[in-house]
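One structure is given here, and the rest of the page talks about it.
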Amino acid sequence: MHISYKPLWHTLIERNMRKEDLRLAAGLTTNMIANMGKEGKHISMDTLARICETLDCGIMDVIELASDEPSTTGGNGNGKLKERITENGIDYILVGGYYIPDLKLPEENRPIGRYGRLHREYLKQEHPARYSSLILTGKLWTYLADLNEQAEERLDLIIEQMKAAEGVTEELKARNQLEWVGRMNNIRNRVEEIINSELIYI
């Protein structure tokens, strides 16, 4: 098995781009472009991430794992493809008859929380290249955990500021709990809109 860049050349054709256009846009060297023109030549994960970000595409639009054998069975003697292989320092797993990179997240014990999950779905749909880049570089989970903590801290801070500005006090809570709950819900809804526009959907 070897790495093939055929998906990349198809993607360039679809975008009406030349190899030189990609080289200039992604800041690649001529040697990198030349290596990608040779089946099996290895380029770094950082370079793959840069290409994905430049073309706004996923990793499967750039590389695939091709068989060295003419047979579609993989030529391993028993007619079956291996479940997992390593090629040029990259681990691949067999999914639906194709090998795809088996990308693992780094050790990160912090939860990504509600805001991290919202931002992850937003990245998948609206910024797939950035999402692929974060996965390829192993930074996605830490990035989402950091963002979630930042969002929660900002949420608490703005809520306290609005409570003080609008007179939503503990005294009001003791005097009229129903009004306090209504005003707090209103404040929280407004603050969440701010958080979404400043941190989540950008």
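The values are calculated or read from the model by the stated rules, or taken from the named source; none is laboratory data. Computed from a predicted structure; not experimentally measured. As a convention, Cβ positions derive from the backbone with ideal geometry for all residues, glycine included, and neighbour counts pool all protein chains shown. Just the protein is used for accessible areas: all its heavy atoms, side chains included, with ligands, DNA and RNA removed. Shrake-Rupley method; radii C 1.70, N 1.55, O 1.52, S 1.80 Å.
For this structure, a couple of remarks:
- Some residue of segment 145-152 being in contact with a helix residue (DSSP H, G or I) (Cβ under 8 Å, 6 or more places away or on another chain), under 24 Å from residue 52 (Cα atoms) and surrounded by 12 or more Cβ atoms within 10 Å (Cβ to Cβ): yes
- Residues in segment 3-13 include at least one that is modelled with pLDDT of 80 or more, among the polar types (S, T, N, Q) and assigned to a helix (DSSP H, G or I).
- Against the test of being open to solvent by 90 Å² or more (accessible area, probe 1.4 Å) and not hydrophobic (A, V, I, L, M, F, W, C), the options 170, 192, 198 yield a single qualifying residue, 170.
- The set of residues in segment 14-66 being open to solvent by 60 Å² or more (accessible area, probe 1.4 Å), touching a helix residue (DSSP H, G or I) at 6+ places or on another chain (Cβ under 6 Å) and part of a helix (DSSP H, G or I) consists of 19, 25, 50, 53, 61.
- Residue in segment 15-22 that is among the hydrophobic types (A, V, I, L, M, F, W, C) and within 21 Å of residue 130 (Cβ to Cβ) present: yes
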